[in-house]
Structures are given as C-alpha cells and as structure tokens.
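Written out below as structure tokens is the structure these notes cover.
The values are calculated or read from the model by the stated rules, or taken from the named source; none is laboratory data. This one's a predicted model, so the numbers in the text were calculated from it and none came from an experiment. All Cβ positions, even for glycine, are placed from backbone atoms using ideal geometry, and neighbour counts span all protein chains on display. For accessibility, only protein heavy atoms count, side chains too; no ligands or nucleic acids. Shrake-Rupley method; radii C 1.70, N 1.55, O 1.52, S 1.80 Å.
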Amino acid sequence: AHDGIIAYGLGDWYDIGPGQPGVSKLTAAGVTATAIYYQDLIVMEKVAALLGKSEERDIYRRQADAERTAFNARFFDATKHRYDKGSQTSQAMPLAIGLVPEGERSAVLDALVDDIRLHQNHVTAGDIGYHYVVDALLEGGRSDVILDMLERTDSPSYGYQLAKGATALTEAWDANPLSSQDHFMLGHAEEWFYRGLGGINVDLSRKGAGRLVLRPAVPAKIEWVRTHNRSELGLVESSWKHAGDETAYSLVIPANATATIEVNTTSPQSVTVNGVPISKATGVSSSRVDGDCVQIVVGSGRFEVRAANQNESASLKLR
C-alpha cells in the first residue's frame, strides 16, 4: 500500500472497455483492491465483536476508518459525486461496501444509474465489479434497473450469451469463443433472484433465529415470485404477486424463529395479516408505523400479508 491505497492486481478483470477484454480498462486497480481490503477489515471487525474480542475489534475499526479516509481522499470527486473515472464498478463498490460519505449515497447511486442508462441498460462492469453493481442497486432500492439490465439480449448481456449458444456462463460478456465457456465469475445475477426478488437474507452479525432477514424487491414489471430456502433454521418461503393495486405476500417463518415484517406502502392502515387487521392477527406480537413503513413482529408460521403498492421499488423486509 502507498498512502493507504493498494493498487496491485488486474483490477476489474474483463470489464467492457476499449480493446480486447482482460486487465481492467474502466476502473483503476486501486479502487478494486483498496475497496476489498476495506471490506475485509469490516468483516474482521464484526468477527472480533461476535467473539467478544473488543480490543481486536477496535484495532480493525481504526484500520477501516483510516482506509475509508484514504480511499475517499484519493478517488472521490464530491462536485461530480463520482469515484475514479465514474465507471459502474467505481460507483458501485463504495456504495455496496459502505465507503461513501454520509449524505452522498443518493447522488452516487444516481450517478451509477445514469451510467447504466447511458449505456442503454448494458453492463460495463467485469468479473470483480458486477457483483457490487447488483448489490448497490439492490440495497439502493433500484431493482427496476437490475431488471432492465437483465432483459437485454444484445451484447453485452446474459441474453446474448444464450443467443450465442452458451449452456453455461462464459468468461466474457460477449461469449467470445476464445475465452472460457464454463466460468462462474459473472453469475452474480442469480443472487438477485433469491436475495433480491425473494428477499431471503442471512444477517451473520446476529445470533440464532434472529439471523433470518427477508427483504423482497417488487418491480412492477414482474407479476409474481416464488422462492424458498432450506436454511439452518428450517424451511424459509417467500412469495409475492401483484393483485390489482395491492401486493400479496406469502411468508413462511420456521419453527422457533421470530421475525419483523416491514411493508412499505402508501396506505399503512390498510395492511392486513392473514385476512384481518394487524392488531387482530394471530401470531403477531407487536407492530408500529414509521412513515410509509409498517413493522410487524411475528413468530413462526405462515403469514399472508396484503399491502397497497408504494412504487416500483416497494419492498418488504423481514428481520
């Protein structure tokens, strides 16, 4: 590292830039390497905290703070809300990892979306960065943008890989036959199907049954979603479908688990659980309204929740 910046490596391998794919064209190596080092430090801080090692936790926290300061000093242009050269990877990694200064997240996300729109909803990120593009858009409530990207069938896209006869993920977005034809590196969209649309998450900073977090994204263009996961807590199911001006959610919480359902809606008072008002629903221990968000604490079992749609990126969260 030099002044806190690690600039070694191949950068955002196989991104879509000028010339043949390979070493990063659109994103400086210091962005990817330093961001991932910061991410490692945050993971270590959380591990130390869970293990009760407060001294080590504080060491990793101080190291992470120093890296965050160095990263933003080197790469962030606050006047343009842009990192490095403004590539999709450069904008997405700081958002997904937590490097963006408070008050700037919305503008940095907007710059990411603007670049995607500028490229007609095509991806430019490579093997390293695309994962963070999916993460940043999902966490920023822009699953509509992810869907627009996945619907492309011209190069570069998953659809183009299929059109070229691929039966497995290829190393290059354009399915170049000179590259690997069986490569897992660009498979990050699958995570969006389960963690995004299905909303099935595991929060490893929590202990026991509280680790389960469901946070489905609800794009207007998708009519229904049905997902499940056989987790260590038991079978988790998360399904939803549009029903007129409402969204109907069907959730299964495993035995001995508790969860907080958070529904974003334009009409909090109209939310029902298993066909009755929240206050009368069996299995609900408490609830509260925070703006357009309705929070419902439930135990194990099946819960049918209906809520008026909020907008295209309306979501439901479970913690």
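Considered as a group, the residues in the range 99-128 that are surrounded by 15 or more Cβ atoms within 10 Å (Cβ to Cβ) and small (Gly, Ala, Ser) include one that is nearest to residue 12 (Cα to Cα), and that residue is 126. Screening the candidates 122, 188 for the property of being out of contact with any His (no Cβ under 9 Å at 6 or more places or on another chain) and of a type outside the set (A, V, I, L, M, F, W, C) yields one hit, 122. Restricting to the range 273-309, count the residues that are more than 20 Å from residue 199 (Cα to Cα) and part of a strand (DSSP E or B). Summing the residues that are more than 20 Å from residue 199 (Cα to Cα) and part of a strand (DSSP E or B) in the range 273-309 gives 9. In the range 82-137, the residue that is nearest to residue 159 (Cα to Cα) out of those that are of a type in the set (S, T, N, Q) and outside any helix (DSSP H, G or I) is 121. Scan the range 1-24 for residues that are open to solvent by less than 30 Å² (accessible area, probe 1.4 Å), within 18 Å of residue 75 (Cβ to Cβ) and not hydrophobic (A, V, I, L, M, F, W, C) and the total you get is 6. Among the conditions (1) surrounded by fewer than 18 Cβ atoms within 10 Å (Cβ to Cβ); (2) modelled with pLDDT of 95 or more, the only one that residue 149 does not satisfy is (1). Among all residues of the range 218-226, there is none that is modelled with pLDDT of 90 or more and on the phi > 0 side of the Ramachandran plot. Only one entry of 212, 251, 235 meets the criterion of being in contact with a strand residue (DSSP E or B) (Cβ under 7 Å, 6 or more places away or on another chain) and open to solvent by 50 Å² or more (accessible area, probe 1.4 Å), and that entry is 235.
For the range 14-60, the set of residues classified as aliphatic (A, V, I, L, M), assigned to a loop (DSSP other than H, G, I, E, B) and more than 18 Å from residue 83 (Cα to Cα) consists of 23, 51, listed by residue number. Residue pairs whose Cβ atoms lie under 6 Å apart, sitting 6 or more positions apart in sequence or on different chains, and linking a residue in the range 25-54 that is closer than 21 Å to residue 77 by Cα and open to solvent by less than 20 Å² (accessible area, probe 1.4 Å) to a partner that is of a type in the set (A, V, I, L, M) and outside any helix (DSSP H, G or I), are 30/5; 30/7; 32/128; 34/5; 34/6.
Residue pairs whose Cβ atoms lie under 8 Å apart, sitting 6 or more positions apart in sequence or on different chains, and linking a residue in the range 2-13 that is assigned to a loop (DSSP other than H, G, I, E, B) to a partner that is exposed (fewer than 15 other Cβ atoms within 10 Å of the Cβ) and among the polar types (S, T, N, Q), are 4/69.
Residues checked against (1) closer than 28 Å to residue 122 by Cα; (2) over 24 Å from the mean Cα position of the chain (by Cα):
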position	(1), (2)
20	yes, yes
28	yes, no
32	yes, no
36	yes, no
39	yes, no
44	no, no
48	no, yes
54	no, yes
59	no, yes
